[in-house]
Amino acid sequence: MIYLDNNATTAAAPEVVEAIQPFFTKEYFNPSSMYAAAQPARDALESARKQIAAALGASLPSELLFTSCATESCNAAIFGTIRANPNRRHIITTAVEHPAVLAVCKELEHQGFDISYIGVDRQGNINLGEFVRNLRKDTLLTAVMHANNETGAVFPIERLSRVVKETDPNIIFFCDATQSMTKLPLTMSGTFRNVDILAFSGHKFHAPKGIGGLFIRSGTRCRTFLIGGHQESGRRGGTENVPYIVGMAKAIELAAATHHNDVKRMELLRNKLENALLEQIPNVEINGRETLRMPNTLNVSVHYIEGEGILYQLSGLGICASSGSACTSGSLEPSHVLSAMGVPFTAKHGSIRFSLSRYTAETEIDTVIEEFPKIVARLRRLSPYWDQKNNKPRIASPAVNQ
Ligand code: PLP
């Protein structure tokens with residue numbers, strides 16, 4: 001099996017799996033319990049918090065909350081900000097956010113909030129002028145992702161957050177860093193010093209699924225909404241998932257130790273695949289190629305065939321990737337990200353995303369380079385769009401019952 005869908009999820013690192021074991025069977029106690037046996041679980045929880053907060057450049061460990069995933073973190077950031085600031089009802093986001101943000105914004109629109117969806121250009125760059133023009137007196141929140149999950153395009157968060165704070169320091173800047181965490185440099189005391197809230201998720205960087213993080217800068221008006229227990233200083237009720245929190249801290253430690261080499265390797269392999277596909281297949285384009293991009297992501301549009309057909313054939317060979325379309329209720333919806341970028345119809349339906357990890361081997365990339373052009377050639381032989389493009393209209397089959 002060749003796994004090239006690491007923006008969807010990653011394998012837990014063996015070191016992570018090892019580190020979390022004792023917290024299932026030996027140190028399984030509730031970290032809030034008062035007896036001495038629970039102390040190691042409590043210590044592990046707080047030392048993971050300190051470690052991740054330090055890696056983020058947070059001023060205080062208490063600025064970091066643990067959640068169950070990035071979807072929860074994004075929901076908590078947006079709904080929490082609204083709860084704490086009832087006087088402002090305008091939110092700025094972008095047209096290419098993950099549904100964890102976009103679906104919340106759509107829901108808020110139904111509730112009477114005014115949402116501005118900022119567009120992107122053909123490469124996935126945010127329209128900076130449009131962003132600035134939309135900042136208003138009643139703007140409560142800007143929700144802008146760091147790196148796009150589909151194309152890998154990176155938004156200039158340092159610049160955007162600085163502009164926001166220079167315009168009105170009361171506007172809260174929230175950033176969904178789910179894809180960039182551990183892959184791109186970011187620090188809450190440096191480049192992200194104007195970012196108030198940051199969301200991330202462990203399973204994107206070799207920690208288990210089911211654990212996320214939410215940085216909320218001290219002083220930020222945000223009332224998180226999972227009410228119940230006193231955990232996480234009363235800001236997110238629910239017994240903490242100590243094993244997975246320990247695992248997330250371990251994954252961040254591992255990433256920090258190998259970051260430079262991992263990024264260089266992934267980028268080298270991604271570029272090898274990209275160049276080979278461009279060289280060997282006519283009428284393909286790389287979405288987001290001309291912009292700053294994540295080192296591990298390759299979004300390729302193959303004109304005149306369906307992405308699902310390509311995926312199916314790749315899957316038959318044991319190659320896992322993903323397409324930009326979501327099959328909803330029988331109709332194939334093209335990716336909202338590629339649509340916002342203005343990718344033409346014949347290309348956005350044939351888009352495939354390959355996403356690498358530190359475990360991707362060069363031989364795996366070589367196999368894809370060998371197989372992918374064959375798949376495309378096979379599917380194009382069956383494609384009426386391809387025939388049309390080559391001025392070879394299909395001969396209509398004779399009608400039955402005539
Ligand atoms: N935000 C972005 C940019 C993502 O890519 C994803 C997942 O793909 C999420 C949020 C949601 O992450 P989770 O699966 O942890 O809820």
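The values are calculated or read from the model by the stated rules, or taken from the named source; none is laboratory data. Source: prediction; values computed, not measured. No Cβ is skipped: glycine too gets one built from the backbone with ideal geometry, and neighbour counts run over all protein chains shown. With ligands, DNA and RNA removed, areas are computed over all heavy atoms of the protein, side chains included. Shrake-Rupley method; radii C 1.70, N 1.55, O 1.52, S 1.80 Å.
The one condition from (1) over 26 Å from the mean Cα position of the chain (by Cα); (2) surrounded by fewer than 20 Cβ atoms within 10 Å (Cβ to Cβ) that residue 1 does not meet is (1). For residue 188, the criteria (1) of a type in the set (A, V, I, L, M); (2) within 14 Å of residue 142 (Cβ to Cβ); (3) more than 14 Å from the ligand (Cβ to nearest atom) hold in every case but one, which is (2).
Consider the range 162-193 and keep the residues that are of a type in the set (S, T, N, Q) and under 28 Å from residue 262 (Cα atoms). The one that is surrounded by the fewest Cβ atoms within 10 Å (Cβ to Cβ) is 189. Checked against (1) at pLDDT 95 or above; (2) assigned to a helix (DSSP H, G or I), residue 359 passes all but a single condition, namely (2). Pairs linking a residue in the range 56-71 that is β-branched (Val, Ile, Thr) to a residue that is more than 13 Å from the ligand (Cβ to nearest atom) and not in a helix (DSSP H, G or I), with Cβ atoms under 8 Å and 6 or more positions apart or on different chains, are 67/236.
For the range 195-228, the candidate set comprises residues that are under 12 Å from residue 73 (Cα atoms) and surrounded by fewer than 18 Cβ atoms within 10 Å (Cβ to Cβ); within that set, the residue that is nearest to the ligand (Cβ to nearest atom) is 210.
Of the set (1) surrounded by fewer than 19 Cβ atoms within 10 Å (Cβ to Cβ); (2) at positive phi, all apply to residue 152 but (1).
Checked against (1) assigned to a helix (DSSP H, G or I); (2) in contact (Cβ under 8 Å) with a residue 12 or more places away in the chain; (3) not small (Gly, Ala, Ser), residue 43 passes all but a single condition, namely (2).
Out of 182, 151, 167, one residue alone is within 22 Å of residue 120 (Cβ to Cβ), more than 12 Å from the ligand (Cβ to nearest atom) and at pLDDT 95 or above. It is 167. I'd like to know if the range 234-257 contains one or more residues that are among the hydroxyl-bearing types (Ser, Thr, Tyr) and not assigned by TED's automatic domain parsing to the domain that holds residue 383. Yes: the range 234-257 contains one or more residues that are among the hydroxyl-bearing types (Ser, Thr, Tyr) and not assigned by TED's automatic domain parsing to the domain that holds residue 383.
The set of residues in the range 104-120 that are open to solvent by less than 70 Å² (accessible area, probe 1.4 Å) and either in a strand (DSSP E or B) or at negative phi (or both) comprises 104, 105, 108, 113, 114, 115, 116, 117, 118, 119, 120. If you check 29, 79, 23 for being assigned to a helix (DSSP H, G or I) and either surrounded by fewer than 20 Cβ atoms within 10 Å (Cβ to Cβ) or within 12 Å of the ligand (Cβ to nearest atom) (or both), only one passes: 79.
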